[in-house]
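Heads up: the structure comes next, in structure tokens.
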Amino acid sequence: MASMQRSLALTALAFGAGAWAQQAGTSTAENHPSMPWDLCTASGCTEQKGSIVLDSNWRWVHNVDGYTNCYDGNTWNADYCPNNQACAENCALDGADYTGTYGIQASDGSLTLTLKPGSNVGSRVYLMATDDENYEMFKLKNKEFTVDVDVSNLPCGLNGALYFVSMAEDGDLSATNKAGAKYGTGYCDSQCPQDIKFIDGKANVDGWTPSDGDPNSGTGNIGACCAEMDIWEANSISAAYTPHPCDGNGLVECTSDAECGVGDNRYKGTCDRDGCDFNSFRLGNESFYGPGDIVDTGSKMTVVTQFITSDNTDTGDLTAIRRVYVQGGKVIANSQSDVAGIDKTNEITSAFCTQQKDVFGDTNSFADKGGLAKMGDAMADGMVLVLSIWDDYTAGMRWLDAEAYPADADPSKPGIARGTCAVDSGVPSEVESQFGDASVTFSNIKFGAIGSTYSS
Ligand SMILES: *[C@@H]1O[C@H](CO)[C@@H](O)[C@H](O)[C@H]1NC(C)=O
């Protein structure tokens, strides 16, 4: 799963000169909060000067020549946005007040994302390269990615996510997308999101249908599909890591329910929406991860993810994804699966995915889309790091954390129980009003050779 986005339409505070034609606005200066991270080898780590950028969907979109909203609530302004092309020409994405408006705090390599600091809900940011113009591209095969995570303030229904997607390095900069990575354009993921306002230099106005439940979101005719490697989808109750390969390479636009994999067409789409997930609770260990558990979500933990290849080189096929935790100075091996019909394992391999799909009765779209090898191909092209906090207007995050998902399924059947959250938990209107100050903190990002990014 991946996030639904929503944006904040601000009332115009008009000052300053005009803007360039999707285009980049100049009302608020765009200053990327600094987010240093470590690149590691066997001989040590060196600090990289990264920064983060807010996704364009959350930004104020106004006309190029003034400060009228091109997008307001969950509808487009008909004058500026009569169609996809004109809208991209007429509208500009503006700079972001990261802390004030979006509740995003970055300092010393630590990033805190707050669910609802004011009227804005959730956020999604990307790691920029040192040039501050392009996204940092990560090639994960035969490498290890490590991050400290604090989920203690993330209740049922929320997701503090860290993952990689096959976005373009420059955010699909073009003659009709002058904003680019610097303004957080170019998002795509394995859910083929159709709520993206600008895709590859066009607006997504045609066919736009405002969301029933979400006052800030809607869906257009185009979906933005690409491969996704979820390192961390979690709250204080449950956690999962999940590869989602796609048929194509990079961003692929889908324009029909079949291509996008909507509803009954879920398994016809170009991407593997389900993925092959490793969730310790779902895999039979209900006391491994949670408040006071072996991996105690009451305090910060280090999450290590390793991408193992067939020949232990960067060019081999991806064959396993391993997980290790470090907490309180202790290395904690990932839990072993404990489900009849699934060989005991604590890593994702092709055999594990096939057995899991079989035993859980799930369609194996993971294998259909090329499985680990295809996921590895996406990694070889380079992927962009995404960090987000979100609530789930589709399923209340119950696929991650509920006692039963689907709600009416028998929780004693394998694969149905995902965590300890109630089967009716995670309703966005409830979590937003009760837990607006919920937050996740990611810090100490390290990337490099296997074994180089953590110690006990
Ligand atoms: C859960 O995982 C821990 C750590 O691997 C292990 O000690 C424990 O026995 C497991 N519990 C169950 C019920 O499988």
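Quick notes on this structure:
- Any hit, the range 275-292, residues being surrounded by fewer than 16 Cβ atoms within 10 Å (Cβ to Cβ) and of a type outside the set (S, T, N, Q): yes
- Extreme residue, farthest from the ligand (Cβ to nearest atom), among residues of the range 254-274 that are outside any loop (DSSP other than H, G, I, E, B) and in contact with a strand residue (DSSP E or B) (Cβ under 6 Å, 6 or more places away or on another chain): Cys254
- Those residues of the range 437-447 which are surrounded by 16 or more Cβ atoms within 10 Å (Cβ to Cβ) and on the phi < 0 side of the Ramachandran plot, in sequence order: Ala438, Ser439, Val440, Thr441, Phe442, Ser443, Ile445, Lys446, Phe447
Conditions (1) out of contact with any strand residue (DSSP E or B) (no Cβ under 7 Å at 6 or more places or on another chain); (2) part of a loop (DSSP other than H, G, I, E, B), marked per residue:
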position	(1), (2)
Asn159	no, no
Glu169	no, yes
Lys182	no, no
Thr185	no, yes
Gln191	yes, yes
Asp195	no, yes
Asp206	yes, yes
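- Among the residues of the range 387-425, those that are among the β-branched types (Val, Ile, Thr) and out of contact with any Asp or Glu (no Cβ under 8 Å at 6 or more places or on another chain) comprise Ile389, Thr394.
- Ala333 being closer than 12 Å to Leu283 by Cα, surrounded by fewer than 23 Cβ atoms within 10 Å (Cβ to Cβ), within 16 Å of the ligand (Cβ to nearest atom) and of a type in the set (Gly, Ala, Ser): no
- Here the helices (runs of 4 or more DSSP H) wholly within the range 326-395 that include at least 1 residues being within 23 Å of the chain's Cα centre (by Cα) and under 19 Å from Thr146 (Cα atoms) are 371-381.
- Leading residue by the ranking (nearest to the ligand (Cβ to nearest atom)) among those in the range 275-294 that are touching a strand residue (DSSP E or B) at 6+ places or on another chain (Cβ under 9 Å) and farther than 19 Å from Ile348 by Cα: Ile294
Every number here is computed from the coordinates shown, using simple stated rules; none is lab data. Fair warning: this is a prediction, and the values are worked out from it, not measured in the lab. Cβ coordinates were reconstructed from backbone atoms using ideal geometry, including for glycine residues, and neighbour counts include every protein chain displayed.
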